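Asker: Here it is, the structure, as structure tokens.
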Amino acid sequence: MNFQEQWVALVTILRKEIKRYLRIWTQTLLPSAITMSLYFVIFGSLIGSRIGDMGGFTYMQFVVPGLIMMAIVTNSYSNVVSSFFGSKFNHSVEELLVSPTPNYIILLGYVIGGVSRGLLVAVIVTLVSLFFTDLHMHSFAVVVIIVLMTSILFALAGFINAVYANNFDDISIIPTFVLTPLIYLGGVFYSMDLLPDFWAAVSKLNPLVYVVNAFRYGVLGVSDVSLSVAFGMITVFTVVAWCYSMHLLNTGKRLRQ
Amino acid sequence: MIPALTIENLTKQYAGGFQALKGISLEVQHGDFFALLGPNGAGKSTTIGVICSLVAKTAGKVAVYGTDIDEDFAGAKKNIGIVPQEFNFNMFEQPFDIVVNQAGYYGMPKALASERAEQYLRELGLWDKRHVPSRMLSGGMKRRLMIARALVHNPRLLILDEPTAGVDIEMRRSMWDFLQKLNQEGTTIILTTHYLEEAEALCRNIAIINHGEIVENSSMRDLLRRLHREVFIFDAVDELPDVVEIEGFGVRRVDERTLEIEVEKGQHINEVFAGLSQASIRISSMRNRANRLEEMFVRLVEGAQ
């Protein structure tokens, strides 16, 4: 396939993906808006007012970046895992596998689809957050780069989960038992400074720590980890996830007999 | 002329050790209407899976219009259209989108894809249903949708894995007409089917696969010529006598108006009619007890066992 044909294939996958999650917007976009509104009300307004300041900001201002990032992570992940597993389950993935579309275009199409949903939900959640607090942008560039990198990373993770999943239970196990704990323990609701040394060191193995803190730096200008370390770690995780996803596609593991 | 499909010593061994294909070789010429037959589990779908990349081969060589799938799979895939046995499209999508998206995966711009989708959906009688969720289509319509999807990039080789399974007679006949027209226009077609009268009516050449091996590969005409015996059923106008005998033929009285008569290779059916006239038996109609290809198929498959 020449470049133009590959571009058409990419746009086709992407258009299909976007159309899919917009068609079922009550399942894909609305829940995040409602859940985050509840977080803002309960943790931000009700409990937050009793907690006081954190990192030099009100508790509401402190948790907002983490909550936006949480929405990006869960949506980019769940979009790819449910869409790709769905196409595996109903065998419509064969439409792509029998076509000359290169594997990297297939992966790119699904990943950009996941990223687009993550970004759309991020916009929705950010708009909702404006009802509860003022948001100041410390570094727009950092925010944009970290949002893109994070959504790419978790879209890739969703893809890997989808390839290995055998049934619908398998696509909810990872988000429930791995992703959610990592998010909650990734510093969304608290500063790393509050943790004992041992647990602070353990937390540094959690990729969400880097993601949440880098994003918080972009919004508030404060972070528990160095920005360059955060970018470095996210880049490493993303490259590994991309290479592994390509390996799965190239070998046809769990896709071809 | 480069063959449409060349398979050399194709082997497939699954992870559990089961050998689905044991070194089969096959050649399908351009423009052919080729039947690939075999009992369930013989290796037909595995062969098709390897050709269109859904099954990874263990060994051997496959080339589509001269393009080796190991060297340029994308190039080979451009020439193939595949209609699988199972429905493999998203039931929540609309037929028009399914066909247009498939064209997109082959790099076809949307305007051209929409044009082609309209052409094939119209030809296959699905245009009125183009915006209906595909789960609402009947079984026959779903099969036709998969044919439209397979044709949207104008492949030179169309592979149909039991395309008329579960389709009513009228629809099957109209699909036969469509496929014959397509073949006459130059598309090479490989067909697997369990309806042997379908293969006999449509295909010029045939391969029979059993236990992962090709047990027969010849023209349909040559294969049927080798049939040594046929059984015909004769419907009598009047009630038959209790005993009916025709010299040189095995005759069985099925009921008071039906006879079964075996005709060996070299015997003439005129002799049967002569014998029936001699016995003052008037015949209103006659037919084969079984499809001729079915007789041959059963013989070859049983022989291989």
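Asker: Per the Kirkwood definition applied to all pairs of different Cα atoms, how many angstroms is the hydrodynamic radius of the protein assembly as shown?
Answerer: Values: mean 1/r = 0.0362 Å⁻¹.
That comes to 27.6 Å for the protein assembly as shown.
Asker: What does the convex hull of the Cα atoms come to per residue for chain B, in Å³? The partial results should precede the final answer.
Answerer: On the way: hull volume 50.7 nm³, N = 305.
Residue-normalised Cα hull volume stands at 166 Å³.
Asker: Round to a whole angstrom and tell me the spacing of the C-alpha centers of the stretch B:30-88 and the stretch A:148-194.
Answerer: 38 Å
Asker: With respect to the cross-link table entries B:Lys142/B:Lys265; B:Lys22/B:Lys181; B:Lys57/B:Lys142, which display a Cα-Cα separation exceeding 31 Å? Kindly include the intermediate steps, with their values, before the conclusion.
Answerer: Numbers: B:Lys142/B:Lys265 43 Å; B:Lys22/B:Lys181 35 Å; B:Lys57/B:Lys142 29 Å.
Cα-Cα > 31 Å for B:Lys142/B:Lys265; B:Lys22/B:Lys181; rest within.
Asker: I would also like to ask the following. By counting other Cβ atoms within 10 Å of each Cβ, how are A:Val178, A:Val63 ranked from fewest to most? Numbers along the way, then the final one.
Answerer: Working: A:Val178 12, A:Val63 26.
Lowest to highest Cβ neighbour count: A:Val178, A:Val63.
Asker: With a 10 Å Cβ neighbour count serving as the proxy for reagent exposure, in which order, fewest first, do B:Lys57, B:Lys12, B:Lys265, B:Lys22 appear? All intermediate terms of the calculation are to be shown ahead of the outcome.
Answerer: Numbers: B:Lys57 21, B:Lys12 24, B:Lys265 10, B:Lys22 16.
The order, fewest Cβ neighbours first, is B:Lys265, B:Lys22, B:Lys57, B:Lys12.
Asker: Now, a different point. Longer than 27 Å from Cα to Cα, which of A:Lys88/B:Lys12; A:Lys19/A:Lys204; A:Lys253/B:Lys110; B:Lys12/B:Lys110 are they? Say none if no pair is.
Answerer: A:Lys19/A:Lys204; A:Lys253/B:Lys110; B:Lys12/B:Lys110
Asker: Sticking with this structure for a sec: Name the long-range amide H neighbours of B:Glu162: under 5 Å, sequence gap of 5 or more, or other chain; modelled H, no Pro or chain starts.
Answerer: Excluding prolines and chain starts, which carry no amide H, the hits are B:Thr192, B:Thr193.
Asker: So what is the relative contact order of chain B, in percent, for Cα pairs below 8 Å that sit 6 or more residues apart?
Answerer: On the way: 563 pairs, mean separation 58.6, N = 305.
About 19 percent, as a whole number.
Asker: Compute the Rg to Rh ratio over the stretch B:228-304 from the alpha carbon atoms, using the Kirkwood formula for Rh, and round to two decimal places. Intermediate results must be reported in sequence, preceding the final value.
Answerer: Details: Rg = 13.4 Å, Rh = 13.2 Å.
Rg/Rh for the stretch B:228-304 comes to 1.01.
Asker: How do A:Phe154, A:Phe131, B:Phe297, A:Phe57 line up, fewest other C-beta atoms within 10 Å first? Present the calculation step by step, with values, prior to reporting the outcome.
Answerer: Numbers: A:Phe154 31, A:Phe131 9, B:Phe297 25, A:Phe57 19.
By the 10 Å Cβ count, ascending, the order reads A:Phe131, A:Phe57, B:Phe297, A:Phe154.
Asker: In percent, what relative contact order does chain A have, based on Cα pairs under 8 Å that are 6 or more apart in sequence?
Answerer: On the way: 327 pairs, mean separation 65.2, N = 257.
25 percent.
Asker: In deg cm²/dmol, rounded to 500, what helix-only [θ] at 222 nm does chain B give when every DSSP H run of at least 4 residues adds -39500 (n - 2.57) and the total is split over its residues?
Answerer: Details: 10 runs with 104 residues, N = 305.
Rounded to the nearest 500, it is -10000 deg cm²/dmol.
Asker: Hey, another quick one. Just report the Cα centroid separation between the stretch B:213-277 and the stretch B:117-186, whole Å.
Answerer: If you average the Cα positions of each part, the centres end up 38 Å apart.
Asker: Can you tell me what the convex hull of the Cα atoms of chain A projects to on average, as an area in nm²? Don't skip to the end; give the middle numbers.
Answerer: Numbers: hull surface 56.4 nm².
Average projection, Cα convex hull of chain A: 14.1 nm².
Asker: Quick one: among B:Arg172, B:Arg252, B:Arg144, which has the greatest mean-square fluctuation in a GNM of chain B with alpha-carbon springs under 10 angstrom?
Answerer: B:Arg252
Where a number appears in this text, it was derived from the coordinates with a stated rule and is not lab data. All figures in this text were calculated on a predicted structure; none of them were measured in a lab. Every residue, glycine as well, gets a Cβ built from its backbone with ideal geometry; the counts of neighbours run over all protein chains shown.
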